[in-house]
Structures are given as structure tokens and as C-alpha cells.
1. Scan the range 1-34 for residues that are under 22 Å from residue 66 (Cβ atoms), out of contact with any His (no Cβ under 9 Å at 6 or more places or on another chain) and of a type outside the set (Ser, Thr, Tyr) and jot them down.
2. How many of the residues in the range 50-69 are under 20 Å from residue 36 (Cβ atoms) and either touching a residue at least 40 places away in the same chain (Cβ under 8 Å) or within 13 Å of the chain's Cα centre (by Cα) (or both)?
3. Output the residues belonging to the range 1-30 that are open to solvent by 80 Å² or more (accessible area, probe 1.4 Å), of a type in the set (Ser, Thr, Tyr) and either modelled with pLDDT under 95 or under 11 Å from the mean Cα position of the chain (by Cα) (or both).
4. Quick check on my filter: what residues within the range 34-49 are in contact (Cβ under 8 Å) with a residue 24 or more places away in the chain and open to solvent by 80 Å² or more (accessible area, probe 1.4 Å)?
5. Cβ-Cβ below 7 Å, separation at least six or inter-chain, first residue in the range 5-33 and among the β-branched types (Val, Ile, Thr), second open to solvent by 60 Å² or more (accessible area, probe 1.4 Å) and modelled with pLDDT of 95 or more: which pairs?
Amino acid sequence: MSKSVPFVKYHKDGSLWAKGSMLGGECDGYWEFFRKDGIIMRSGNFNLGKQTGEWITYDKNGKPFKATILKEGDKS
């Protein structure tokens, strides 16, 4: 069985864009996505590349303002 590996992606300007784990070339587990100013924009879980469970969207100050529940198979 493969193990998930940490993964980090950056904006073109070098600031953090996303961090999470990859398993078999797919996003897997908990991920966070960031604006160029470094403030969190969205967070949630993937199951082998598919968004699942609760996803939180954050305002421009990094405070949660929307929660969306996704089931596997939902279009995300």
C-alpha cells in the first residue's frame, strides 16, 4: 500500500498557494489553499482527488464565513 506524501505548491511570486498530501498522484487528506497575501482562502479534505466532507471558505481576513458539505461524487 502506498503512503501519502506531503505536497506544497506556490504562486508564481513564490508565496504559498496550497499544502496537503498526495497519494498516487492525487490530492488526498486535508488541504489548505491560500491567497497571495498568505491568508487562508479554503480548506477541506480530498479522497484520492475528489473533494469530500466539510469545506470551509474564509473571508479576506482569514475568518470562516461559509461551510459546504460535499459527498464523494459531488461536482466540486
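1. Of the residues in the range 1-34, the ones under 22 Å from residue 66 (Cβ atoms) are 16-20, 27, 29-34.
When the remaining residues are screened for being out of contact with any His (no Cβ under 9 Å at 6 or more places or on another chain), the result is 16, 18-20, 27, 29-33.
Passing the criteria: 16, 18, 19, 20, 27, 29, 31, 32, 33.
2. The qualifying residues number 3.
3. 2, 30
4. Here is the first cut: in the range 34-49, the residues in contact (Cβ under 8 Å) with a residue 24 or more places away in the chain are 35-36, 44, 46-48.
Correct list: 36, 48.
5. 8/19
The values are calculated or read from the model by the stated rules, or taken from the named source; none is laboratory data. Predicted, not measured: the structure shown is a model, and the values here were computed from it. Quick reminder, even Gly has a Cβ in these numbers, built from the backbone with ideal geometry, and neighbours come from all protein chains shown. Protein only, heavy atoms only, side chains kept; ligands, DNA and RNA dropped before computing areas. Shrake-Rupley method; radii C 1.70, N 1.55, O 1.52, S 1.80 Å.
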